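Enquirer: Next up is a structure, given as structure tokens.
Each value in this text was obtained by applying a stated rule to the coordinates, not by laboratory testing. All figures in this text were calculated on a predicted structure; none of them were measured in a lab. Every residue, glycine among them, receives a Cβ derived from its backbone with ideal geometry; neighbour counts consider all protein chains shown.
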Amino acid sequence: MSGIDAIGGTPVVRLSSADGAEVWVKLEAANPTGSYKDRMALAMIEAAERDGRLQPGQPVVEYTGGSTGSSLAFVCAVKGYPLRIVSSDAFAIEKIRTMRAFGAQVELIPSPDGITPELIPAMMRRAGEIAAQTGAFWTDQFNNTDMIEGYRRLGEELLEQLPGPPAIAAFCSYVGTAGCFLGVSRALRTRLPALQRVAVEPAESAVLSGGSPGTHRIEGGGIGSWPPQLHPEDLDEVVAVPQDDAFARARGAARADGIFSGPSTGANLVAAAGIARRLGAGHRVVTLQVDSGLKYLAGSLYD
């Protein structure tokens, strides 16, 4: 047994403060590093082990805003793979420190204004350079299909935990790589073909809604372009949440609901509340606590 055996099996709770439809929240902060990215990191590494892309002791490299890096650092530490991470000072320092605590070598790209449209492509280019120079296995999360399978189990857990009635009518999730959105919604739709799939993004960079890319501070998404594995037919609706609303809802959820999280969870909760009001009583909406608020104590969210 090791820490990776504790990934998954997270609880789901109903918000008492919701109006209209029931709102249920999957508490992914219960994973070992406090994030749903543990599921994705383990899936990418173990799939590469199985098909020979990753050999024993081979270095691993990835670009990440933080939670993927923390999760990869955790998995690689347990399995014995050296890890190099390309990240940025635009992301929470707690995440950077977590990567280093697990032994990862971290390189930061400066971006003092926040998450800009240019930042993620720059991080991707640098990770590609490291892979070419060192022979490291590049997990390349945005293009790695294994991550979707890593999140499918999350959707299966929701079906087991919330069999209904009422059935789950809608699932909403903040979109970064779109791996979680795709994995969960596909698992749910195997049993619930009428499920409404709602993608959540920052209003300041509402590309999925047809807007222009912009700068924001809701970590984990809003990359300024469509994720390569997400297509219009994969979703039914997009909700763009203003950054200030996401931050305020994250703070409010800690005090009103005991859900301690970051701004991407705040965006999820804002979107879920709107969907619940629209659907009304007798329906069920599901969303995610993406990660723990412990990852954001040094920044402005909980000042």
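Enquirer: Could you please let me know if THR145 is of a type in the set (S, T, N, Q), closer than 30 Å to ARG278 by Cβ and surrounded by fewer than 21 Cβ atoms within 10 Å (Cβ to Cβ)?
Expert: Considered against the rule, which asks whether it is of a type in the set (S, T, N, Q), closer than 30 Å to ARG278 by Cβ and surrounded by fewer than 21 Cβ atoms within 10 Å (Cβ to Cβ), THR145 comes out as no.
Enquirer: Next question, about the same structure. Say we look at region 185-219 and pick out the residues that are within 16 Å of the chain's Cα centre (by Cα) and assigned to a loop (DSSP other than H, G, I, E, B); which of these is surrounded by the most Cβ atoms within 10 Å (Cβ to Cβ)?
Expert: ILE218
Enquirer: Just checking, which of ALA41, ALA104 is out of contact with any Lys or Arg (no Cβ under 8 Å at 6 or more places or on another chain) and among the aliphatic types (A, V, I, L, M)?
Expert: Unique residue meeting the criteria: ALA41.
Enquirer: Any residue in region 162-176 that is out of contact with any His (no Cβ under 8 Å at 6 or more places or on another chain) and assigned to a helix (DSSP H, G or I)? It would help to see each step written out before you state the result.
Expert: Narrowing region 162-176 to residues out of contact with any His (no Cβ under 8 Å at 6 or more places or on another chain): 162-165, 167-168, 171-176.
If we keep only those that are assigned to a helix (DSSP H, G or I) as well, we get none.
The answer is no, given that none of the residues of region 162-176 is out of contact with any His (no Cβ under 8 Å at 6 or more places or on another chain) and assigned to a helix (DSSP H, G or I).
Enquirer: Just to be sure, is GLY262 buried (at least 17 other Cβ atoms within 10 Å of the Cβ) and over 20 Å from GLY34 (Cα atoms)? Explain how you work it out, then say what you get.
Expert: Values: buried (at least 17 other Cβ atoms within 10 Å of the Cβ): yes; over 20 Å from GLY34 (Cα atoms): no.
Criteria not met by GLY262.
Enquirer: How many residues does region 129-145 hold that are part of a helix (DSSP H, G or I) and under 27 Å from GLU237 (Cβ atoms)?
Expert: 3
Enquirer: Checking the conditions here, which among GLY262, GLY258, GLY224, GLY252 is touching a Phe, Trp or Tyr at 6+ places or on another chain (Cβ under 9 Å) and among the small types (Gly, Ala, Ser)?
Expert: Unique residue meeting the criteria: GLY262.
Enquirer: Only strands (runs of 3 or more DSSP E) wholly contained in region 1-65 count here; list those with 1 or more residues that are acidic (Asp, Glu).
Expert: Values: elements: 12-14, 22-27, 60-63.
The strands (runs of 3 or more DSSP E) meeting that bar are 22-27, 60-63.
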